[in-house]
Amino acid sequence: MKRPYELTVIFRQPGPLDVPAMLTEVHSIRQELKACSPLLDDWLLKRNTKDETYRYDVFDAAGPTSAAIAVLTESLKAVVDPKIISMWNGRERLEGVSLQYVGRIAPETSMLVLRAKPAAFSRTVEPVLKAILKTAGLFAPAAVSVETTAYFDKKVFKDRPGIGWMLYLPRVLTVQQVPEARALVPVAGKDAKGNEKQIGTVIVSVTDAPFSDENPEHVKIANAIEIRLVDQDLLPRYVDL
């Protein structure tokens with residue numbers, strides 16, 4: 001398969017669009033991304049030219065670098081909404097990965113989008129699932145999806161998130177509601193009183209191989225899950241996220 005994978009987090013930013021805070025949020029999922037592939041660990045700040053991009057590491061061992069914070073703070077000082085931070089793993093062709101944080105002031109939705117070529121992404125379920133679980137706890141998202149870029153044209157409902165390989169929704173789902181899913185992974189969190197509770201579910205369409213939009217069986221399973229969810233009014237439209 002040649003098309004990139006996309007991990008998309010859709011959420012509302014509760015606080016101000018502060019550059020250090022935005023970078024710190026991305027740094028908080030760095031270990032989970034690295035577990036998906038070593039090529040998802042080192043990040044360069046995307047600038048106007050490649051030579052300029054290579055000057056700025058986004059992170060060091062402690063967190064966001066002072067250089068990245070300074071450059072972004074200056075370039076975004078006149079920007080109110082959205083604030084966009086783009087980074088690149090410095091690799092070309094089949095190992096290339098980009099990550100973009102589009103920050104908007106609530107109630108507008110913000111997005112974090114990782115786009116990775118197949119050679120730079122996990123071939124197994126567990127690391128990807130852990131990355132989703134981390135983002136669910138960090139961002140309290142309205143949805144987190146993992147699919148290939150080509151799957152958009154193959155999903156059933158263009159106005160709603162696709163299942164693709166995995167989809168997190170902040171709702172409790174059961175096997176009876178989604179029998180076509182190969183796995184339903186509960187996501188735990190805390191309520192207003194600090195009590196542990198299930199805050200959402202990750203729907204997994206394929207567990208024995210990486211999802212491929214070139215595999216008709218994979219597409220068939222994902223489509224069947226989407227239809228099942230919509231029939232029960234469980235798959236939101238993008239405008240409702």
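The values are calculated or read from the model by the stated rules, or taken from the named source; none is laboratory data. What you see is a predicted model, and the numbers here were worked out from it, not measured in a lab. Here Cβ is always computed from backbone atoms with ideal geometry, including for glycine, and neighbour counts include all displayed protein chains.
Points to keep in mind about this one:
- Residue list for segment 165-182, filter: buried (at least 17 other Cβ atoms within 10 Å of the Cβ), touching a residue at least 60 places away in the same chain (Cβ under 8 Å) and either β-branched (Val, Ile, Thr) or within 18 Å of residue 231 (Cα to Cα) (or both): 169, 173
- Residues in segment 149-164 that are at negative phi and either of a type in the set (Gly, Ala, Ser) or crowded, with 22+ Cβ neighbours inside 10 Å (or both): 150, 151, 161, 162, 163.
- Close pairs (6 angstrom Cβ cut-off, 6 or more residues apart or separate chains): among the aromatic types (Phe, Trp, Tyr) in segment 84-110, assigned to a strand (DSSP E or B) anywhere: 88/44; 88/98; 101/85; 101/112
- Evaluating residue 229 against the criteria (1) buried (at least 21 other Cβ atoms within 10 Å of the Cβ); (2) under 20 Å from the mean Cα position of the chain (by Cα) leaves one unmet condition, (2).
- Failed item, numbered, when residue 21 is tested on (1) without any contact (Cβ under 8 Å) to a residue 40 or more places away in the chain; (2) outside any helix (DSSP H, G or I): (2)
- Of the criteria (1) in the same structural domain as residue 109 (by TED's automatic domain parsing); (2) at pLDDT below 95, which one residue 135 fails: (2)
- Residue check: residue 173 meets all listed conditions (1) touching a strand residue (DSSP E or B) at 6+ places or on another chain (Cβ under 6 Å); (2) aliphatic (A, V, I, L, M); (3) not in a loop (DSSP other than H, G, I, E, B) but one, namely (3).
- Test: residue in segment 40-57 that is loosely packed, with under 14 Cβ neighbours inside 10 Å and either touching a residue at least 40 places away in the same chain (Cβ under 8 Å) or closer than 25 Å to residue 130 by Cβ (or both): no
- Hits in segment 188-226 - residues which are hydrophobic (A, V, I, L, M, F, W, C) and surrounded by 15 or more Cβ atoms within 10 Å (Cβ to Cβ): 199, 202, 203, 204, 206, 211, 219, 221, 222, 224, 225
- Residues of segment 80-132 satisfying the condition of being within 25 Å of residue 185 (Cα to Cα), at pLDDT below 95 and in a strand (DSSP E or B): none
- Within the set 239, 185, 146, the sole residue that is under 27 Å from residue 30 (Cα atoms), of a type in the set (Val, Ile, Thr) and surrounded by fewer than 23 Cβ atoms within 10 Å (Cβ to Cβ) turns out to be 185.
- Every condition in (1) closer than 18 Å to residue 139 by Cβ; (2) without any contact (Cβ under 8 Å) to a residue 12 or more places away in the chain holds for residue 238 except the one numbered (2).
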